[in-house]
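The structure under discussion appears below in the form of structure tokens.
The values are calculated or read from the model by the stated rules, or taken from the named source; none is laboratory data. Everything numeric here is computed off the predicted structure, so don't read it as measured data. With ideal geometry, Cβ positions are generated from the backbone for all residues, glycine too; neighbour counts draw on all protein chains shown.
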Amino acid sequence: MSLLSAKGVVKRYGGLTAVDKVSFDVTKGELVGLIGPNGSGKTTLLNMLSGHVAPDAGEIALDGKPCQGLKPEQLAHLGVMRMFQLTRVFRRMNVVDNLLVAGRALGLDAKAALAQADSLVDELRLGHVRHLDAGQLSGGQMKLLEFGVCFMVPPKLALLDEPFAAVHPIMKEIMSGFIRSRHASGQTFILVSHDMPVVVELCPRSICMNAGAIIADAPTREVLSNERVIEAYLGGHAA
Ligand SMILES: Nc1ncnc2c1ncn2[C@@H]1O[C@H](COP(=O)(O)OP(=O)(O)OP(=O)(O)O)[C@@H](O)[C@H]1O
Ligand SMILES: [Mg+2]
């Protein structure tokens with residue numbers, strides 16, 4: 001059975017169909033790239049999977065159980081965690097407290113939360129800034145902290161929206177190493193990125209959206225050489 005199944009999912013904003021009858025399945029342990037030009041509907045699709053936006057039509061199921069329209073907190077408890085294109089952390093709280101708040105909210109006791117926070121701080125190389133307020137971190141460190149928040153209780157499904165955008169190459173390497181090692185131990189991801197070399201390196205399979213619809217869903221290299229995909233990135237006016 002699929003871990004995640006989307007069938008005919010639609011989201012409209014006035015006259016614009018941001019996501020247009022999207023259907024796909026994700027099996028436990030997959031790391032799926034979600035690519036497509038700006039405005040093609042990637043973030044809107046993640047918003048529906050994480051409960052931040054309710055679909056206008058279609059069905060989303062997690063472990064075979066319908067979950068469309070549930071709130072983000074409900075989906076978090078079911079194991080769907082989300083990273084945002086614009087980083088969301090508590091800026092006036094220090095790094096460790098950000099992690100502890102997330103862990104306690106998801107049911108860890110104080111001791112387990114502290115142990116998990118310590119281990120993530122090490123893994124994400126945030127040890128030297130652990131007592132700084134999140135607002136004092138660099139953009140890349142804030143993203144690393146957001147990874148930590150997502151993984152205080154390892155989710156069934158992690159949704160990452162452009163984690164590598166505008167971060168220092170060293171941070172990018174830490175993030176991709178984190179994703180690679182978690183994937184190797186069975187973590188399921190959907191990764192939105194415009195960074196094709198990283199998508200090729202990390203994601204065995206990719207889905208490409210254009211104008212709200214899926215135009216390719218196949219092994220990543222096949223998707224990137226697909227004519228419709230190339231045309232979509234060139235703006236549909238390829239010679
Ligand atoms: N809250 C909203 N209200 C109105 N239109 C919206 C809203 N959110 C998204 N859209 C529109 O829906 C379309 C899809 O946007 P979305 O943010 O999902 O694209 P994206 O693929 O994530 O783009 P990018 O690569 O630039 O992040 C765009 O035309 C966008 O302007
Ligand atoms: Mg987006």
With (1) within 30 Å of residue 60 (Cβ to Cβ); (2) outside the structural domain of residue 100 (by TED's automatic domain parsing); (3) out of contact with any Phe, Trp or Tyr (no Cβ under 9 Å at 6 or more places or on another chain) as the list, and residue 176 as the residue in question, which single condition is left unmet? (3)
Going through the range 165-203 in order, the residues found to be within 16 Å of ligand 2 (Cβ to nearest atom), without any contact (Cβ under 8 Å) to a residue 60 or more places away in the chain and of a type in the set (Gly, Ala, Ser) are 166
Check whether at least one residue in the range 57-75 is within 13 Å of ligand 2 (Cβ to nearest atom) and surrounded by 15 or more Cβ atoms within 10 Å (Cβ to Cβ), and report yes or no. no
Limited to the range 20-43, what total is found for residues that are more than 7 Å from ligand 1 (Cβ to nearest atom) and either farther than 20 Å from residue 221 by Cα or of a type in the set (Val, Ile, Thr) (or both)? 9
Candidates 129, 96, 89, filtered to the one that is under 18 Å from residue 160 (Cα atoms) and buried (at least 18 other Cβ atoms within 10 Å of the Cβ): 89
Yes or no: the range 91-98 includes at least one residue that is touching a His at 6+ places or on another chain (Cβ under 6 Å) and not assigned by TED's automatic domain parsing to the domain that holds residue 160. yes
Residue pairs, Cβ under 6 Å, 6 or more apart or interchain, first in the range 36-47 and more than 8 Å from ligand 2 (Cβ to nearest atom), second polar (S, T, N, Q). List them. 36/210; 40/210
Residue list for the range 161-192, restricted to those being of a type in the set (Asp, Glu) and closer than 27 Å to residue 48 by Cβ: 161, 162
Strands (runs of 3 or more DSSP E) fully within the range 2-56 counting 2 or more residues that are among the polar types (S, T, N, Q): 16-26
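For every residue, the table says whether it meets (1) out of contact with any strand residue (DSSP E or B) (no Cβ under 7 Å at 6 or more places or on another chain); (2) hydroxyl-bearing (Ser, Thr, Tyr); (3) farther than 17 Å from residue 2 by Cβ.
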{"site": "40", "(1), (2), (3)": "no, yes, yes"}
{"site": "43", "(1), (2), (3)": "no, yes, yes"}
{"site": "57", "(1), (2), (3)": "no, no, yes"}
{"site": "61", "(1), (2), (3)": "no, no, no"}
{"site": "68", "(1), (2), (3)": "no, no, no"}
{"site": "71", "(1), (2), (3)": "yes, no, yes"}
{"site": "78", "(1), (2), (3)": "no, no, no"}
{"site": "95", "(1), (2), (3)": "yes, no, yes"}
{"site": "106", "(1), (2), (3)": "yes, no, yes"}
Might you let me know whether the range 70-77 holds any residue that is touching an Asp or Glu at 6+ places or on another chain (Cβ under 9 Å), more than 25 Å from residue 211 (Cα to Cα) and not assigned by TED's automatic domain parsing to the domain that holds residue 130? no
Looking for whichever is modelled with pLDDT of 95 or more, over 30 Å from residue 60 (Cα atoms) and away from ligand 1 (no atom under 16 Å from the Cβ) here; the options are 110, 158. Which one fits? 110
The range 89-103, residues that are polar (S, T, N, Q) and under 14 Å from residue 152 (Cα atoms): 98
Considering only the range 124-155, how many residues are within 16 Å of ligand 1 (Cβ to nearest atom) and of a type in the set (Ser, Thr, Tyr)? 0
